[in-house]
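Since the structure comes first, as structure tokens, the remarks are kept for the end.
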Amino acid sequence: MHQIVSNPVDTSRRWWVLATVVAAQFMFGVDAFIVNVAIPTIAAELHASAAQIEAVIAVYLIAYATLVVTGGRLGDIYGARNVFISGVAGFTITSLWCALAQSGPELIAARLAQGATAALMVPQVLATLHLLFADASRARAFGIYGIMLGLAGAAGFLLGGILVTLDLAGLGWRAVFFVNVPVGAAIIAAAWKIMPGFQRRAGTRLDIPGAIVLFLGLLCLIGPLLFGHDLHWSPAVWLVMAVGVAIVAAFLRLERAVARRGGMPLIDLALLSDKAFMRGLAAVFFFFFANLSFYLVMTIYMQNRLQIPPLQAGLVFLPLALTFVIASRHSGMRAKYRGTLVLIEGCAVQIAGLAALVMAIEWIDTPSVMVLAPVLTIFGYGQGLVMAPLSSAVLSTVKPVSAGAASGTYGTTAQIANAAGVAAIGAVFFAIESNQSSRLALLAALALLTLSIVACAAFLTWTRRVTR
């Protein structure tokens with residue numbers, strides 16, 4: 001049983017604290033999308049290969065996914081305030097490193113470090129909200145958090161296009177990382193001054209070996225997908241993937257050994273025997289597999305094939321992002337009455353959006369911004385219908401005592417799926433683009449995205465039928 005080892009929380013300035021931590025979450029959300037718009041420019045200036053460009057996105061997600069549970073536990077051990085400030089400081093410094101990178105491999109290393117520091121920062125945001133808003137203001141506080149989370153995508157696309165286009169002080173794409181430096185410094189100053197010391201919990205333990213083994217396993221599984229084309233899919237590529245499978249299997253055995261010794265494994269092993277939760281987790285994987293990968297291939301296609309400038313490319317995604325926010329607000333209310341059916345309908349809308357995009361590409365040789373923006377909005381609305389109530393639907397069958405562990409597993413799975421999608425769908429896109437054409441590459445990628453969303457809908461339907 002956890003024991004409180006510090007004084008009660010000071011809530012006198014909690015709304016200012018809310019603004020501070022949500023600003024950090026907003027910065028993290030913006031960073032996930034702002035890089036997408038700048039990717040073609042980064043590739044051109046650093047002479048980065050397609051594999052390196054994918055890795056810039058994927059390694060960030062892998063580092064975050066494997067360390068986010070550890071980051072949450074560090075907040076329990078050392079206090080959310082201390083770990084939050086450390087995480088923001090690390091995120092700011094690594095953003096500066098990204099901005100100063102001189103080669104593709106250096107940028108990949110910097111992004112890896114940035115993802116690791118994000119894993120320290122982000123878990124403290126929700127922990128802080130839970131501690132400060134335990135009264136009637138809780139719904140309002142989490143409502144603000146949700147709105148800012150949704151708007152981060154729109155801001156990322158728009159800001160990325162603006163910064164690359166303006167070329168401030170000749171920085172070009174580097175400005176998308178430099179922008180985090182003053183913002184991060186301001187958040188650190190505010191948190192240092194107003195963020196109260198939080199309750200620490202005795203008995204919380206880390207599983208560092210588990211985090212390291214999981215990271216190595218994912219790197220061996222996803223890395224070959226990133227660099228397989230560059231290595232001509234040699235036998236060594238498949239050997240490394242086989243090693244990755246073995247390491248992930250060893251990770252599960254390691255976690256059982258940690259549990260037998262009375263430790264705290266990264267994942268709650270009891271969840272693996274919860275069939276309803278595992279079905280829901282499969283739906284989560286396939287949904288997020290088709291998430292960031294979609295934005296990657298669309299950005300590359302628009303800027304390379306259609307020659308749409310970065311600012312206009314960002315503006316193409318803006319209606320999508322705003323529609324996503326609107327759909328998220330609607331779906332939360334509808335899910336109370338229609339349950340999982342809302343998510344399945346959202347998958348259908350996403351598929352309709354992808355079908356409309358295929359028709360636009362087939363019928364129009366070079367679709368304009370005015371054609372693409374409304375078509376992409378359909379996909380964005382479907383995404384919003386699914387993403388907002390997805391976590392609630394998946395976690396609803398979990399026992400209250402396992403809610404925290406299940407939530408951590410959900411977040412880790414989502415980011416692993418994002419990384420796997422970027423690697424796999426990106427690999428197919430770039431392979432076909434180099435041998436055939438960008439148009440055919442995009443059509444192949446859209447077909448894979450459709451299959452992934454169909455799989456998500458299938459698992460959601462299975463879950464709904466069994467539950468009923």
Looking at (1) modelled with pLDDT under 85; (2) of a type in the set (G, A, S); (3) surrounded by fewer than 17 Cβ atoms within 10 Å (Cβ to Cβ), which is the only condition A257 fails? (1)
L440 fails exactly one of the following numbered conditions: (1) closer than 29 Å to H330 by Cβ; (2) modelled with pLDDT of 90 or more. What is the number of that condition? (1)
Determine which single condition A186 fails, assuming it passes every other condition in (1) modelled with pLDDT under 90; (2) out of contact with any Ser or Thr (no Cβ under 6 Å at 6 or more places or on another chain). (1)
Just name the residue that is farthest from the chain's Cα centre (by Cα) out of those in the range 101-126 that are surrounded by fewer than 22 Cβ atoms within 10 Å (Cβ to Cβ), small (G, A, S) and part of a helix (DSSP H, G or I). G104
Can you confirm whether I85 is part of a helix (DSSP H, G or I), surrounded by fewer than 23 Cβ atoms within 10 Å (Cβ to Cβ), modelled with pLDDT under 85 and of a type outside the set (K, R)? no
Checking the structure you have, find out if any residue of the range 28-35 is charged (D, E, K, R) and more than 24 Å from A186 (Cβ to Cβ). no
For the subset of the range 226-254 comprising residues that are crowded, with 17+ Cβ neighbours inside 10 Å and among the aromatic types (F, W, Y), which member is modelled with the highest pLDDT? F251
Given A348, A373, A335, A360, which one is more than 27 Å from I53 (Cβ to Cβ), part of a helix (DSSP H, G or I), of a type in the set (G, A, S) and modelled with pLDDT of 85 or more? A348
The number of residues in the range 265-277 that are modelled with pLDDT under 80, crowded, with 18+ Cβ neighbours inside 10 Å and in contact with a Lys or Arg (Cβ under 8 Å, 6 or more places away or on another chain) is 0
Residue tally, condition over 18 Å from the mean Cα position of the chain (by Cα) and either within 20 Å of L266 (Cβ to Cβ) or of a type in the set (F, W, Y) (or both), over the range 53-100: 10
Top-ranked residue of the range 1-43 - restricted to ones that are of a type in the set (A, V, I, L, M, F, W, C) and assigned to a loop (DSSP other than H, G, I, E, B), ranked as modelled with the lowest pLDDT: M1
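The values are calculated or read from the model by the stated rules, or taken from the named source; none is laboratory data. This is a predicted model, so every value here is computed, not measured. FYI the Cβ positions are ideal-geometry reconstructions off the backbone, even for glycines, and counts take in every protein chain you see.
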